[in-house]
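Please see the structure below; I have some questions.
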Amino acid sequence: MVSRLKVYNTLSREKEIFTPISSPYVGMYVCGPTVYGDAHLGHARAAITFDIIYRFLQHLGYKVRYVRNITDVGHLENDADEGEDKIGKKAKLEKLEPMEVVQYFTNRYHRVMEKLNVKSPSIEPSASGHILEQIKMTEEIIKNGFAYVTRGSVYFDVNKYAASNDYGKLSGRVLDDLVAGSRELDGQKEKKNSLDFALWKKASPEHIMRWDSPWGEGFPGWHLECSAMSAKYLGKTFDIHGGGMDLMFPHHECEIAQAKASNKTAPAKYWLHNNMITINGQKMGKSLGNFITMDELFSGKHELLERAYSPMTIRFFILQAHYRSTLDFSNEALLAANKGYKKIANGIKIIKQLTHNGTAEKDNKLIEEINKLCDICYNGLLDDFNTAITIADLFNLLKKINSFYTRQLNIDLLDEETFLKMKNTFLILTEEVLGLSNENIARPESFIDGLLLIYKAAKDNKEYDKVDQIRSFFKNEGLVIKDMKHGIDWAYEE
Ligand code: ZN
């Protein structure tokens, strides 16, 4: 397969022609959520970014194995090597088993993803299900001389590794600066160097989540799970590793070090990172009071929200920006996204209604123009998955589709091939690749209530033909009208 796709590789800081290690197979690993709270806009942006990449690669004909993990152990407060486990802490607070917390928030995460029309990954492994693999990898790193054991914990030796490897290449950080900037924290006495990170931590007596290991009872370090699980399901070297930009350092930098120290090879060929979402120009954070969960967005229940926003509006809002640009949330931006989404939804509706008759005389200039507009729609996606450009180009194509719909232009001036190309380009890109599914914008109940008002007026005016017509319409839908002394209502036909 000859690739026309260009991807921006964080590792090389360049756009590269996408050439998988063993085409048409593509292995993609994306860091998933730590399931101790509800999904927010940051989660949605990461999930939608890699959903588009997954969908578009499949559309281009690649066979993609997409692995997105669930972090359910080892992620400590402040992303540090000390402190409480985020899930353990929540479990203690709520008096639950840690796995109850994990199950509860995993289910909720899945429901939000389904609403956003994000496809499930091919494999969704969890850290706690891969303790053996993580212990094995730690042993391998110790054996190769890049880790040391102190008081029941195992630390990665960054200085030793950096002597023969480029630590900091992915995130663009310089080791000396990192050393100077690191703080002296509790427990760092165990480390040879403040930059060393935990592969395995000894569990203190009050720590709930713990497993046996060659070094005593403990739990894996946060960075280790992704190295162990990506190698298990995608091999020691695979094509794409992705995640949010905030994970670049230390998480991804440490993943590269772990993989090289154990498997003696770089884990991923392409590293892709999505940018962050700001809220009214500010960073999103719990302490800033601008932390909005997806459920709050769907219901409109948050003091920063002027109204509720539908999942497809939010999906469209995220796709309107290229994944590497920052994206600022505001009510105005979401209202504009809502309009944009509805335009696309109307386009999907009308193009499904358009039919073509092959007998009329053809207009070659128009045929050429439509073909060109269709081809252009792919350029954005082929240039590092730039959905913003593709959406703008789809709107240009939609202008023409609207002219055919309103009969300003005669659709029969197109040849059959061009007509089908226009229809497929629009439908495949909007529905399959961008995943803008048709959302029920109207509420069916309000239509039923409206029809009942017409029924009542017809009855009062003794227009019995109309009354029968409405009654039979309800019957066909499996509903009955109930005429009662105190008023009219409807019910399901029993
Ligand atoms: Zn990860």
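The values are calculated or read from the model by the stated rules, or taken from the named source; none is laboratory data. Everything quoted here is computed from the prediction, not taken from an experiment. Methodologically, a virtual Cβ is constructed for each residue, glycine included, from the backbone with ideal geometry; neighbour enumeration extends over all protein chains shown. Ligands, DNA and RNA are excluded from the accessible area calculation, which covers all protein heavy atoms including side chains. Shrake-Rupley method; radii C 1.70, N 1.55, O 1.52, S 1.80 Å.
Using a 1.4 Å probe and ignoring any ligands, DNA or RNA, find the accessible area of Thr237 and quote it in Å² to the nearest 10.
Its accessible surface works out to 60 Å², give or take rounding.
Continuing with the same structure: Hey, got the Cα dimensions of the chain along the principal axes, in Å, largest first?
90, 66, 39
Follow-up question, since we're still on this one. Given H placed 1.01 Å from N in the peptide plane, which residues other than close sequence neighbours of Gly242 have an amide H under 5 Å from its amide H?
Sorted by chain and number, the residues that satisfy this are Tyr29, Val30, Cys31, Leu272.
For region 87-145, give the magnitude of the charge dipole about the Cα centre (Cβ charges: +1 Lys/Arg, -1 Asp/Glu; no others), in debye to the nearest 20. Kindly include the intermediate steps, with their values, before the conclusion.
On the way: 10 positive and 8 negative charges, 63 e Å.
For region 87-145, the charge dipole is close to 300 debye.
To the nearest Å, what is the center-to-center distance of region 43-63 and region 369-429, using C-alpha atoms only?
21 Å
Continuing with the same structure: What residues have an amide H closer than 5 Å to that of Val26, excluding those fewer than 5 places away on the same chain, when H is modeled at 1.01 Å from N in the peptide plane?
Long-range HN contacts for Val26: Lys63, Val64, Arg65.
Take the Cα of Lys119, step 7 Å along the line toward its Cβ, and report every residue of region 41-66 whose backbone nitrogen sits under 15 Å from that point.
Only 47-66 fall inside the zone, counting backbone N under 15 Å.
A further question on this structure: Under Stokes-Einstein, with the Kirkwood radius over Cα pairs standing in for Rh, what whole-number D in µm²/s applies to region 31-111 at 37 °C and 0.692 mPa s?
Working: Rh = 14.2 Å.
Value of D from the Cα-based Kirkwood radius: 232 µm²/s.
Quick check for me: using +1 on Lys/Arg Cβ and -1 on Asp/Glu Cβ, what's the dipole size of the chain about its Cα centre, in debye to the nearest 20?
Here the chain has a charge dipole of around 460 debye.
Per residue of region 425-431, what does 6.51 cos²θ - 1.76 cosθ + 1.60 with θ = phi - 60° give for ³J(HN,Hα)? Whole Hz please, x for Gly and Pro, Karplus curve as stated.
Working through the residues one at a time gives 4, 5, 5, 5, 5, 6, 7 Hz.
How large is the accessible surface of His252 in square angstrom, using a 1.4 angstrom probe and rounding to the nearest 10?
Result for His252: roughly 0 Å² accessible.
Helix 444-460 versus the longest principal axis of the chain: what angle, 0 to 90°, nearest 10, using Cα atoms?
20 degrees
Roughly speaking, what is the centre-to-centre gap between region 72-107 and region 131-177 when only Cα atoms are used, to the nearest Å?
25 Å
For Ser472, what charge total do you get from the other residues with a beta carbon under 13 Å from its beta carbon, if Lys and Arg give +1 and Asp and Glu give -1?
Numbers: positive: Lys466, Arg471, Lys475; negative: Asp465, Asp468, Glu477, Glu493.
After counting each charged neighbour, the total is -1.
If you don't mind, there's one more thing I want to ask. So which lysines pass the test for Lys143, namely a Cα distance under 24 Å, with those fewer than 8 places away in the same chain ruled out?
Those lysines meeting the cut-off are Lys160, Lys189, Lys191, Lys192, Lys201, Lys202, Lys232, Lys236, Lys260, Lys264.
I need the trypsin sites (Lys or Arg not before Pro) found in region 292-342, filtered to DSSP loop residues with at most 15 other beta carbons within 10 Å of theirs. Spell out each step's value before the answer.
Details: sites: Lys301, Arg307, Arg315, Arg324, Lys339, Lys342; in loops: Lys301, Arg307, Arg324.
Sparse-neighbourhood loop trypsin sites (Lys or Arg not before Pro): Lys301, Arg307.
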